[in-house]
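Following: one structure in structure tokens, then a few remarks.
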Amino acid sequence: MAEPAIKNSEQIDKIVDEGIDTGIARLTPEKIEQVINKVLKTETGARLKTYVETCVHCGLCSEACHYYLSHDNDPKFSPAGKVKQTIWEILKKKGKVDPEFIRRISRIASTECNLCRRCAMYCPFGIDVAYLITIVRRICHMLGVTPLYQQDTAHSHSANLNQMWVKEDEYIDTLQWQEEEAQDEIPYLRIPVEKEGAEIFYSVIAPELKFRAQLIYQAAVILNVAGVDFTMPATPGWDNSDLCMFTGDNEMMGRLKKAHFETAMRLKVKRIVMGECGHAFRSVYDVGNRWLAWKMPPIPVIHAVEFYYELIKEGKIKIAKKYEGAVTFQDPCNISRGRGLHEMARYVVNATCEEFIEMHPNREHNYCCCAGGGVINAGPPYKMKRIKGNRIKAEQLFAAKARGAKVVIAPCHNCHGGIEDIIHHYGLDMELYFLGDIIYKIMEKPV
Amino acid sequence: MHNISSWAWEIGKKLIADTGKWKDMFENIEEPYVSPDGEKIAAVVKTGEMEFSVCENDAPWERRFDKVWYLKFGPDNRLTALVSDTGAWTVAVDGDVWENTFDFVWNTKFGTDGKNITVAAQKEMEYFAVTNDIPWETGFSSLSNLTISRDGKRVAGVVPTVDVSEGEIFKFQEGCYSAVVDGKPWDTNFVNVWDMAFSHDSEHVAAEVRTSLYDYTIAVDGVPWDKIYTSVWMPQFSPANGSVTAPVRIAGKWTLARDGNPFWNRSFAQLWHHMYSPDGKKIAAIVAPKFGRWTVAVDGKPWSLTFGDLVTEAVFSPDGNRVACIGKEDGKWTIAVDGKAWGGVYDMVWQPVFSPDSRSVAAKAEKNGRYTIVIDGKPFKDSYKALGDPVFSPDSEKILIKGIEGDADGGKYYRQVLPITDITG
Ligand code: SF4
Ligand code: SF4
Ligand code: SF4
């Protein structure tokens with residue numbers, strides 16, 4: 001299949017976004033040219049050159065992308081199409097592009113690609129379009145053109161070292177509150193704060209504090225019942241998430257990861273166990289640590305899926321009665337394609353649920369939720385675009401439902417947000433859970 | 001630690017508390033903390049339904065609280081805890097509470113002699129610091145990066161100085177934050193202010209700042225250096241001449257700058273946590289000479305020994321001639337001193353401590369769930385269920401071991417003073 005010509009490239013959507021609009025108004029062609037060339041010269045190298053020179057425009061990657069499939073194979077949503085509209089154009093014009101062009105590429109890079117890397121698996125040359133789109137985001141960041149909600153999240157990260165403007169005392173207070181609540185159920189339960197020398201630092205993301213405190217409650221129950229020696233810090237550095245990685249603010253990304261790992265070192269823990277979040281895992285395991293010159297995370301990081309696998313396999317968590325509804329499972333890109341945790345996830349699902357119905361495709365071939373890569377953080381202005389950009393996920397879920405699945409398990413915060421919207425919009429009428437929700441429901445608890 | 005010469009340094013072993021018995025006294029006992037001099041052991045204990053206290057050497061404090069956390073001994077061996085009584089929070093020191101109460105308190109900090117105790121506090125959504133029960137006169141809409149001077153008399157932090165709401169991204173980028181010292185903000189606003197340090201005389205403050213989304217530098221008493229960098233890490237004042245140094249990032253590499261000028265003549269893949277020798281003549285830092293390899297550099301010269309996982313908690317000897325640090329390779333932890341690693345590897349090691357004469361180095365280490373003290377690479381034969389940090393005697397000949405003996409079910413806490421030769425042979 002040859003790569004189709006790009007039509008409708010002028011058909012940019014009319015979403016008002018102050019972050020982009022105000023940013024654009026401040027640009028001049030000279031500034032654009034100078035910033036682009038600086039980024040290209042000082043921050044990119046052989047990899048960009050190779051990718052650009054290697055791509056034969058074959059279009060084999062197109063059908064990998066949920067945006068392309070969901071938009072009736074519109075070539076402007078194909079991976080190579082997005083590259084063609086952005087970085088190729090930049091290179092071709094040697095950075096001599098106008099502010100309107102920047103508006104377009106900011107939209108494409110920030111809201112039409114989840115950096116999910118699915119396409120890289122289908123390219124015969126392994127070209128990583130996500131990497132190329134990341135360069136576009138970096139250029140947009142350096143030009144000050146980022147969607148408002150994403151930028152605001154990056155600001156929160158910078159001011160508070162967490163993504164939701166959570167103040168130092170609010171965080172500690174929430175832990176104490178969840179501890180008290182959970183003690184009604186398990187009187188001996190603790191969320192030990194600042195316990196130096198604990199085995200594990202349990203790290204979370206700010207939305208758990210703000211909207212999903214029950215996840216902290218449930219994690220506390222699971223960790224206490226399993227007899228895990230864990231702690232949580234009483235200082236910033238507790239949030240493992242990282243939207244700065246997605247806005248292209250690499251310097252802030254590094255600062256966030258430094259705070260996170262140094263918190264682990266100060267607590268003298270052996271491992272960091274993080275909650276069910278995909279992108280944060282990518283940041284601590286791959287991107288952020290490397291920006292700081294750590295080849296691997298200095299303190300090993302274990303994703304919740306792997307941790308649950310350990311707890312169940314080692315018999316530390318016992319199942320009282322398997323969950324009865326038929327479930328399907330969303331493999332989050334960052335931990336399946338990114339880290340290969342999909343078989344462990346299946347072990348956990350099979351150990352905890354009566355009936356598991358695979359969605360297709362699955363494992364590392366699963367479609368992205370369309371929320372990841374910072375796209376959901378672009379906020380309400382792009383919500384419909386995000387939902388429409390993943391009609392294919394609705395179809396995929398519907399097919400699983402037709403085979404009996406009533407519940408979707410998604411062990412990733414962004415997947416959760418994205419799939420929740422898809423379920424509602426497309427009227428799928430399925431329930432949505434984290435793995436922790438299921439384990440909490442069905443585990444043996446002391447009476 | 002403070003006034004070490006007044007501690008008991010006679011060789012011998014003394015039972016301080018039968019912590020195993022605490023189980024019979026209280027419904028629940030949290031993890032124990034040991035005072036710097038080893039004379040006290042304490043833990044948060046549950047004394048009844050929604051009722052907590054602190055048990056110190058076999059006896060609970062008289063007062064009961066509905067919540068107690070953040071148990072911390074100060075350098076003068078006083079015991080502090082953050083306590084709440086019917087929802088009103090304050091600080092308890094050796095069982096007595098401060099008069100002022102707050103909606104929340106956290107982040108207890110001490111000056112070197114322990115006399116001054118500071119916490120961050122929030123009351124009616126106003127944020128401020130409180131030192132020895134005296135709150136700042138002004139409150140702010142948040143407070144972070146609480147930092148105290150060496151003597152504990154001065155307190156700094158980061159506060160918003162311009163009202164900015166979530167979503168006001170362009171206002172945020174104009175600079176809405178500043179450092180605050182003793183309740184008084186600097187005159188200059190920044191996009192961000194992060195880690196900061198006081199000068200040795202407590203008169204000045206230097207901080208990491210960001211003046212736009214892209215421009216980082218160091219501000220001293222509110223005045224930014226005239227150079228900008230793509231990133232910076234925490235600055236330090238020279239104890240010798242008051243100049244300010246900081247790791248700075250230039251063209252993707254890190255080096256050390258002084259007062260805005262290049263200082264070290266080479267760069268690294270990473271450079272952070274630099275520190276001065278006590279006399280201020282030398283600077284050591286944790287560096288990555290290349291991606292994925294970590295070591296210590298003294299005055300810009302890296303050790304040839306490197307570690308793959310990490311290097312952390314470096315420390316100068318009192319005479320300034322030696323440096324020790326923690327290193328980790330392939331998941332195993334050890335101590336390195338002057339570019340040489342100890343032979344043994346451990347599941348965890350704690351910050352190394354130099355003897356006052358700078359000759360010996362001791363560290364707490366963990367293997368298979370038990371703890372011991374290692375001196376100059378030689379582990380003590382006894383292992384413990386829990387252990388405090390080792391302390392050398394003022395004459396450098398003895399070591400204080402603060403250890404809980406026993407297994408998971410029982411435990412007795414002993415304070416023991418040994419000649420170091422009992423360990424080093
Ligand atoms: S969304 Fe995923 S599949 Fe589509 S272009 Fe981006 S990385 Fe490739
Ligand atoms: S990225 Fe790979 S698959 Fe896609 S068009 Fe280029 S060569 Fe073909
Ligand atoms: S949100 Fe979940 S599926 Fe989507 S990109 Fe992240 S990890 Fe991938």
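The values are calculated or read from the model by the stated rules, or taken from the named source; none is laboratory data. Just so it is clear, the model here is predicted, and its values are computed rather than measured. Cβ: placed from backbone, ideal geometry, glycine included. Neighbour counts: every protein chain shown. In case anyone asks, the SASA skips ligands and DNA or RNA and just uses the protein heavy atoms, side chains included. Shrake-Rupley method; radii C 1.70, N 1.55, O 1.52, S 1.80 Å.
Points worth noting:
- Considering (1) within 7 Å of chain B (Cβ to nearest Cβ); (2) open to solvent by 20 Å² or more (accessible area, probe 1.4 Å); (3) over 26 Å from A:Arg26 (Cα atoms), the lone condition that A:Leu148 does not fulfil carries the number (3).
- When we screen A:Val136, A:Val97, A:Val56 for residues that are away from every other protein chain (no Cβ under 14 Å) and either within 12 Å of ligand 1 (Cβ to nearest atom) or touching a Cys at 6+ places or on another chain (Cβ under 9 Å) (or both), the only hit is A:Val136.
- Subset of the range B:98-122 (residues that are away from every other protein chain (no Cβ under 14 Å) and open to solvent by 50 Å² or more (accessible area, probe 1.4 Å)): B:Glu99, B:Asn100, B:Thr101, B:Thr112, B:Lys115
- Residues of the range B:96-119 satisfying the condition of being among the small types (Gly, Ala, Ser) and within 24 Å of B:Trp61 (Cα to Cα): B:Gly114
- Exactly one residue out of B:Ile335, B:Ile373 is at pLDDT 95 or above and under 19 Å from B:Trp303 (Cα atoms): that is B:Ile335.
- Test: residue in the range A:338-357 that is within 13 Å of ligand 3 (Cβ to nearest atom), in contact with a strand residue (DSSP E or B) (Cβ under 9 Å, 6 or more places away or on another chain) and among the hydrophobic types (A, V, I, L, M, F, W, C): yes
- So A:Ile105, is it away from chain B (no Cβ under 14 Å), near ligand 1 (Cβ under 8 Å from one of its atoms) and of a type in the set (Val, Ile, Thr): no
- Scope the range A:118-134; condition over 21 Å from A:Asn362 (Cβ atoms) and within 18 Å of the chain's Cα centre (by Cα); matching residues: A:Asp128, A:Val129, A:Tyr131, A:Leu132, A:Ile133, A:Thr134
- Residue ranges of helices (runs of 4 or more DSSP H) in the range A:325-413 with at least 1 members away from ligand 1 (no atom under 16 Å from the Cβ), under 25 Å from B:Gly167 (Cβ atoms) and within 17 Å of the chain's Cα centre (by Cα): A:383-388
- Residue pairs meeting the criteria (Cβ under 7 Å; at least 6 apart or on separate chains; first farther than 18 Å from A:Glu262 by Cα and more than 12 Å from every other protein chain (Cβ to nearest Cβ), in the range B:264-291; second of a type in the set (A, V, I, L, M) and open to solvent by 50 Å² or more (accessible area, probe 1.4 Å)): B:Asp279/B:Ala240; B:Gly280/B:Ala240; B:Lys281/B:Ala240
- In the set (1) buried (at least 20 other Cβ atoms within 10 Å of the Cβ); (2) part of a loop (DSSP other than H, G, I, E, B); (3) not assigned by TED's automatic domain parsing to the domain that holds A:Ile357, A:Met296 fails one condition alone, (1).
- A:Met245 being assigned to a helix (DSSP H, G or I) and more than 14 Å from chain B (Cβ to nearest Cβ): yes
To keep it simple, each residue is scored yes or no on (1) open to solvent by less than 10 Å² (accessible area, probe 1.4 Å); (2) at pLDDT 95 or above; (3) under 27 Å from A:Ile133 (Cβ atoms).
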residue	(1), (2), (3)
A:Thr328	yes, yes, no
A:Gly338	no, no, yes
A:Cys368	yes, yes, yes
A:Glu395	no, yes, yes
A:Ile419	yes, yes, yes
A:His424	no, yes, no
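- Within the range B:189-229, tally of residues that are away from every other protein chain (no Cβ under 12 Å) and open to solvent by less than 50 Å² (accessible area, probe 1.4 Å): 14
- Single residue of A:Lys96, A:Lys38 found to be away from ligand 2 (no atom under 16 Å from the Cβ), at pLDDT 95 or above and outside any helix (DSSP H, G or I): A:Lys96
- Qualifying residues in the range A:279-293 (those that are charged (D, E, K, R) and within 16 Å of ligand 1 (Cβ to nearest atom)) - the one most open to solvent (accessible area, probe 1.4 Å): A:Asp286
- Filter result (open to solvent by 20 Å² or more (accessible area, probe 1.4 Å) and part of a loop (DSSP other than H, G, I, E, B)) within the range B:230-247: B:Thr230, B:Met234, B:Pro239, B:Ala240, B:Asn241, B:Gly242
- Scanning the range A:169-193 for residues that are of a type outside the set (S, T, N, Q), assigned to a helix (DSSP H, G or I) and open to solvent by less than 20 Å² (accessible area, probe 1.4 Å) yields A:Asp169, A:Tyr171, A:Ile172, A:Leu175, A:Glu179, A:Ala182.
- Filtering the range A:63-72 to residues that are touching a helix residue (DSSP H, G or I) at 6+ places or on another chain (Cβ under 7 Å) and either near ligand 1 (Cβ under 9 Å from one of its atoms) or open to solvent by 10 Å² or more (accessible area, probe 1.4 Å) (or both) leaves A:Glu63, A:Ala64, A:Cys65, A:His66, A:Tyr67, A:Tyr68, A:Leu69, A:His71.
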